[in-house]
């Protein structure tokens, strides 16, 4: 029998093995015995007020049993659920919904651009209610994930500062809905997303337009934009939490962010939501040095960089909703094969089980593969 030790949740590290079944307060199982912990699982613990865990003093390999899911997928494949001849993205681009959304999105970004520039230049007052109404009108119809799909499909079309701010606002509002926030809170959160990078308008153009990696000195200049954005709205009659989101959206819950290096409860909830939305939009956007990433690649970036950097409730709600939305979708793997996502691995959301013809690939067992794009 392996030796065990009990550790506080903040002492846990990815790769440790749970020595006993771990239960929620309502008696349901959270992690079975001999589960190998990762950052995603450790991030869940504060949600369930679990302060410590018994850990095996030695490595054990976890087993993933997906036989029942695979049998269901085989039955579905036999019934004719095969790869579509026209890709999802192609269908989306040709749909009237997408054409209408694209037109409305471009109009909205143009309006926001003019309003923000006039405000920053001292030519007109800020009109927060109108900005929020214009932005939320883009998601008044359809599912939240449908909006994510449209934004993802449009990424290469418009990557201006105000387009990115609009994207962050829409993603923030969607996270707010998933978290069950009130409409007033969602409105304020949308405004925080729209204004979060307002300080970037004060950055030198040669830095903003630089295609390659910034120097240390240039990055130090960029790190001043949260304070500059806050200064622009400090004396405006806005909810304090909106102003704080502008100031704190580059902070991280482990204290590794900027401009102050604060952590945990010193970061307001709006800022915690906007930081996740801002990072997701950046990851899934095309850059001069890389192509835009798929939703699953974005989830993997969050997992690898450390979920402890984000609020557990916010990051778990966001990643689980994003991952679940693409179950039953067809995807292209990095080796070029196309398959159907049939099941999420709850403890590694970026690496689901994918059916490729009659082959079932558990991506947790194939680190050489990942999901390149949704098709």
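The values are calculated or read from the model by the stated rules, or taken from the named source; none is laboratory data. Keep in mind it's a predicted model, so treat the numbers as computed, not measured. In this analysis, Cβ positions are derived from the backbone assuming ideal geometry, glycine residues included, and neighbour counts consider all displayed protein chains.
Here are some notes:
- Considered as a group, the residues in segment 174-186 that are outside any helix (DSSP H, G or I) and free of Cβ contacts under 8 Å to residues at least 40 places away in the same chain include one that is farthest from residue 117 (Cα to Cα), and that residue is 180.
Let's see how each residue does on (1) outside the structural domain of residue 175 (by TED's automatic domain parsing); (2) surrounded by fewer than 21 Cβ atoms within 10 Å (Cβ to Cβ); (3) in contact with a helix residue (DSSP H, G or I) (Cβ under 7 Å, 6 or more places away or on another chain):
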| position | (1), (2), (3) |
| --- | --- |
| 302 | no, no, yes |
| 310 | no, no, yes |
| 315 | no, no, yes |
| 336 | yes, yes, no |
| 350 | yes, no, yes |
| 353 | yes, no, yes |
| 368 | yes, yes, no |
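- Residue count for segment 231-281, restricted to those that are touching a residue at least 60 places away in the same chain (Cβ under 8 Å) and over 24 Å from residue 177 (Cβ atoms): 3.
- Residue match in segment 21-31 (condition: surrounded by 14 or more Cβ atoms within 10 Å (Cβ to Cβ), on the phi < 0 side of the Ramachandran plot and at pLDDT 80 or above): yes
- For residue 2: the one exception among (1) touching a strand residue (DSSP E or B) at 6+ places or on another chain (Cβ under 6 Å); (2) surrounded by 15 or more Cβ atoms within 10 Å (Cβ to Cβ); (3) modelled with pLDDT under 80: (2)
- Some residue of segment 187-196 being without any contact (Cβ under 8 Å) to a residue 40 or more places away in the chain and in the same structural domain as residue 316 (by TED's automatic domain parsing): no
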